[in-house]
Structure formats: structure tokens, C-alpha cells
Amino acid sequence: MAGATSPTPCVFCQIARNSTSTPLLHSDEKVVAFQDIKPAAYRHYLVISVDHIPTVRDLQRRAEDYSLVRHMLNVGQELLQQDAPQSNQYRFGFHQPPLNSVNHLHLHCLASPFIPRWKHVKYLSLGPLGGFIEAEKLLEKIKPLSSTSS
Ligand SMILES: [Zn+2]
Ligand SMILES: [Zn+2]
């Protein structure tokens, strides 16, 4: 049987193809954005890659991956600035395995106030790198080494 795209159904791939009832806040050829089903803050959006990339461990130090993550962050920042302009704190980050819930690359975008349950249990108690990597930190890690000479 031809035509099947993936042997394992991935809920985020389905959302990226807009084949679910999840309303998309943004969509383009690289990424889509939607609300987290279990919001942990006043605004809590997810920005996912359209391509199925399992986790941050699958990203490499190369221009393609760097520009994808940079684009995910830009989309998340624009959405929060538009929908939560009065928030005084924003967070953008990725889960790192094994603490990721869905194995499809997704950027969490949060605008304060945060819901305390989230704050204490899931992310902050693990420390800044204990399960959640800030988007800017990830960008530093995968930033292509510039080769300006020769
Ligand atoms: Zn997927
Ligand atoms: Zn997550």
C-alpha cells in the first residue's frame, strides 16, 4: 500500500498537516503554532516544526537547523507580543529527553503570569538546564561556526 507517510501516528505531525480540529495560530512551510492543551501560563503556545524532527538531540550545528530554531523562536515571540503584550515575563524553551512529552520538536512559549503548579513541579525545580533548555541557549549550541576566511 503506497501513500502512508509514517508507520507511527504522531499527533504533532497531524496538527502540522492541519488534519485535526486544533486551531492553528500560525502556519507556514516550516512551522505551525497552536495552544498547549494544558496551559501552564496566561499564554502557553507551542511552535512545532512541520518536518518530523524527534528532539533537540536531533539538531546539529548547521545552518538549516539553526535557521529553523531561530524561526520557531521568532514566531513564538511575535505571537506572545501580539496576544500578551502586558506580560512582564516570557519564556521560550524546549524539553530535553527523557523529559519531553511528545517526540516531535516543539518550542514552549509562555507569557506570565505562570501557573504555580507548572513553575514548581515541571520545569523550574529541575534547574535551568535540568530538562528545559532555553531557546537562546539551544541556538548558541547549534550556531554554525562561521567560515569567513578562504
Ligand atoms: Zn511528528
Ligand atoms: Zn513539551
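The values are calculated or read from the model by the stated rules, or taken from the named source; none is laboratory data. Computed from a predicted model, the values in this text were never measured in an experiment. So basically every Cβ, Gly included, is an ideal-geometry build from the backbone, and we count neighbours across all protein chains shown.
Consider the range 44-82 and keep the residues that are over 12 Å from F92 (Cβ atoms) and in a strand (DSSP E or B). The one that is nearest to the chain's Cα centre (by Cα) is I48.
Output yes when any residue across the range 26-43 is part of a strand (DSSP E or B), in contact with an Asp or Glu (Cβ under 6 Å, 6 or more places away or on another chain) and either more than 14 Å from ligand 1 (Cβ to nearest atom) or closer than 17 Å to E78 by Cα (or both), and no when none is. Yes; the residues of the range 26-43 include at least one that is part of a strand (DSSP E or B), in contact with an Asp or Glu (Cβ under 6 Å, 6 or more places away or on another chain) and either more than 14 Å from ligand 1 (Cβ to nearest atom) or closer than 17 Å to E78 by Cα (or both).
Look at (1) among the hydrophobic types (A, V, I, L, M, F, W, C); (2) closer than 21 Å to I142 by Cβ; (3) away from ligand 1 (no atom under 16 Å from the Cβ) and you find that L46 fails only one, number (3).
Every listed requirement among (1) more than 16 Å from ligand 1 (Cβ to nearest atom); (2) modelled with pLDDT under 95; (3) of a type outside the set (F, W, Y) is met by A84 save one, (2).
For the residues A41, A63, A84, the requirement of being within 16 Å of ligand 2 (Cβ to nearest atom) and either on the phi < 0 side of the Ramachandran plot or surrounded by 14 or more Cβ atoms within 10 Å (Cβ to Cβ) (or both) singles out A41.
Could you tell me whether any residue of the range 10-22 is within 20 Å of F132 (Cβ to Cβ), assigned to a helix (DSSP H, G or I) and within 15 Å of ligand 2 (Cβ to nearest atom)? Within the range 10-22, one or more residues are within 20 Å of F132 (Cβ to Cβ), assigned to a helix (DSSP H, G or I) and within 15 Å of ligand 2 (Cβ to nearest atom).
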